[in-house]
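K.L.:
Sharing a structure below in structure tokens format, with a few things to ask.
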């Protein structure tokens, strides 16, 4: 069993394995803080994404590298957005996406999908099945991160879909620790959605 899941790590430098584990830990912390609607989601996410950008660049997994680079930028934006206040009140609390935001989300997905597909085609990276899945997955995660930075509950739905797809995907890519991370991500994302929905429902009752 151990050989089946971790045999590929024999060829990895010890430093890279340690970095991946550290990135996984900070990634899990980030999703946990997101579930709790805690601003620490962004500092922990920044650490995780920076490490993954480096590792994924080494592994020539460019679609995943772009996702994490985008996460880094959006984490900085989210950190600013979540700290904005009107007096003593948070300016942008948990809410549902408007029709306009959903249309923008579709636009982000489409633009990302096309861009990544062109990059993969240009560098002749469509050499296996998961390269095609990457183009779709990148679009999902780009929109999910954008919605999370804007504190929209719909972000959890996209995370759940993307995380479920990522479990077998990363295992096939030979990064088992990251695959396990996405399994935990899926569970936390489900509870994150339920927790944010509970917050929204309680606000409705008060109003």
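The values are calculated or read from the model by the stated rules, or taken from the named source; none is laboratory data. This one's a predicted model, so the numbers in the text were calculated from it and none came from an experiment. Virtual Cβ from ideal backbone geometry, glycine too; neighbours counted across all protein chains shown.
K.L.:
Restricting attention to segment 148-158, and to residues there that are part of a helix (DSSP H, G or I) and in contact (Cβ under 8 Å) with a residue 60 or more places away in the chain, which single residue is nearest to residue 185 (Cα to Cα)?
P.N.:
Result: 148.
K.L.:
Hey, another quick one. Quick one: residue 124 ticks every box in (1) at pLDDT below 90; (2) assigned to a helix (DSSP H, G or I) bar one, so which box is it?
P.N.:
Single failed check for residue 124: (2).
K.L.:
For the subset of segment 179-197 comprising residues that are in contact (Cβ under 8 Å) with a residue 60 or more places away in the chain and within 12 Å of the chain's Cα centre (by Cα), which member is farthest from residue 92 (Cα to Cα)?
P.N.:
Checked segment 179-197; the qualifying residue farthest from residue 92 (Cα to Cα) is 181.
K.L.:
Within segment 82-112, how many residues turn out to be part of a helix (DSSP H, G or I), at pLDDT below 95 and surrounded by fewer than 16 Cβ atoms within 10 Å (Cβ to Cβ)?
P.N.:
Looking only at that region, the number is 1.
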